[in-house]
Each structure stands twice: as structure tokens, then as C-alpha cells.
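This is the structure I have questions about; it appears just below.
The values are calculated or read from the model by the stated rules, or taken from the named source; none is laboratory data. Everything quoted here is computed from the prediction, not taken from an experiment. Neighbour counts run over all protein chains shown; Cβ positions are idealised from the backbone, glycine included.
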């Protein structure tokens, strides 16, 4: 696996206590998809859900009891992204066409997966962390509801789900 943080489990101290600091504001982020092919979706992202990571352990079968072994696989949940749909539905069509192209276009030399970059910003809008999702492809695009009985001017949103190989935190 290309993501190796060289973690050791010795009794040596691995980090020091950090001085008091500010906390991350959930509204300060930027998701970069591919500004050449998908600029409209990238610009209108309103919500990104950081995926879960799990260590999967095999089950060791015993005579009277099954016991968990040491974890030997990493499993990531999918990346969920919500975006505002623009008036011409350009960004919705970008995601629709990407999913459609995954199925319909011949593979050839096409680079269908894209790397996604989630940049976490501090209170001064300066980048403090970068999370890279390697080899992402969209697997689901939610529909949206048009409703004439809505009393407020709510903007339409859609959510896209991405599968990816792994993510790194830099």
C-alpha cells in the first residue's frame, strides 16, 4: 500500500502535547476535484463528509470459540459530497456525464479516476491540512426534488458519492 506513515509500537514517546490551539471550523474547507473538467461542481460544494476508516481483522477459528486476529486490511467508507445545483444544471450534468462515461466510454488510455483534494483552512483562510483521495470515481448521484409548494427560496442540492483507493492526510 503506498500510504506508509512508518508507525512503530515501541515504548518510546511518539509525540508531545500540543499547546492550546484553535479548533477547526466545519465551514472552512475547499474541495478540488478537477478544475479543468469539473469546474462548476468544484465551485459549488457545500458539504464534504470525511470518510470512516476501519481495520479489518480475520477471525481465527478455534474448537470452542472464534477469536479475532490482528487486523490485516484497511477499509474506507465512501466519500460523500453535497453541492448546490446551478441554474443551468451544468454542475449536475458534469457529475452525470462522468458516471455515464465510466460505463459507456471504452477504457483505452482514458484517465477516468481523478484525485480529489480536500483542503482544510484555518480562521484566516490559510491551508492547514490537505487530505488527498487517490483514484476517485463517482458511484452515485442523488436526484433532487422540484416543488412548487415550497414557501422559501431553497436552492436545490445534489449529493455525489465517490469510491477511491485510499486517502492521505498531509
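Could you give me the residue pairs with C-beta distances under 7 Å whose first residue belongs to the stretch 61-76 and is in contact (Cβ under 8 Å) with a residue 60 or more places away in the chain, whose second residue is surrounded by 10 or more Cβ atoms within 10 Å (Cβ to Cβ) and not in a loop (DSSP other than H, G, I, E, B) wherever it lies, and which are 6+ apart or on separate chains?
74/53; 74/55; 76/53; 76/166; 76/167
For residues that are assigned to a strand (DSSP E or B) and in contact with a helix residue (DSSP H, G or I) (Cβ under 8 Å, 6 or more places away or on another chain), tally how many sit in the stretch 85-139.
Selection size over the stretch 85-139: 3.
Report whether or not residue 51 is modelled with pLDDT of 90 or more and surrounded by 13 or more Cβ atoms within 10 Å (Cβ to Cβ).
Answer is yes for this residue.
Condition check ((1) exposed (fewer than 12 other Cβ atoms within 10 Å of the Cβ); (2) on the phi < 0 side of the Ramachandran plot; (3) touching a residue at least 24 places away in the same chain (Cβ under 8 Å)) across all residues:
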| site | (1), (2), (3) |
| --- | --- |
| 55 | yes, yes, no |
| 79 | no, yes, yes |
| 89 | no, no, no |
| 93 | no, yes, no |
| 114 | no, yes, yes |
| 130 | no, yes, yes |
| 139 | no, yes, yes |
| 157 | no, yes, yes |
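Just to be sure before I move on: is residue 10 modelled with pLDDT under 90, farther than 27 Å from residue 114 by Cβ, under 27 Å from the mean Cα position of the chain (by Cα) and in a loop (DSSP other than H, G, I, E, B) in the structure I sent?
Against the criterion (modelled with pLDDT under 90, farther than 27 Å from residue 114 by Cβ, under 27 Å from the mean Cα position of the chain (by Cα) and in a loop (DSSP other than H, G, I, E, B)), residue 10 does not qualify.
Residue 25: at pLDDT 75 or above, within 22 Å of residue 129 (Cα to Cα) and either part of a loop (DSSP other than H, G, I, E, B) or touching a strand residue (DSSP E or B) at 6+ places or on another chain (Cβ under 6 Å) (or both), yes or no?
Yes.
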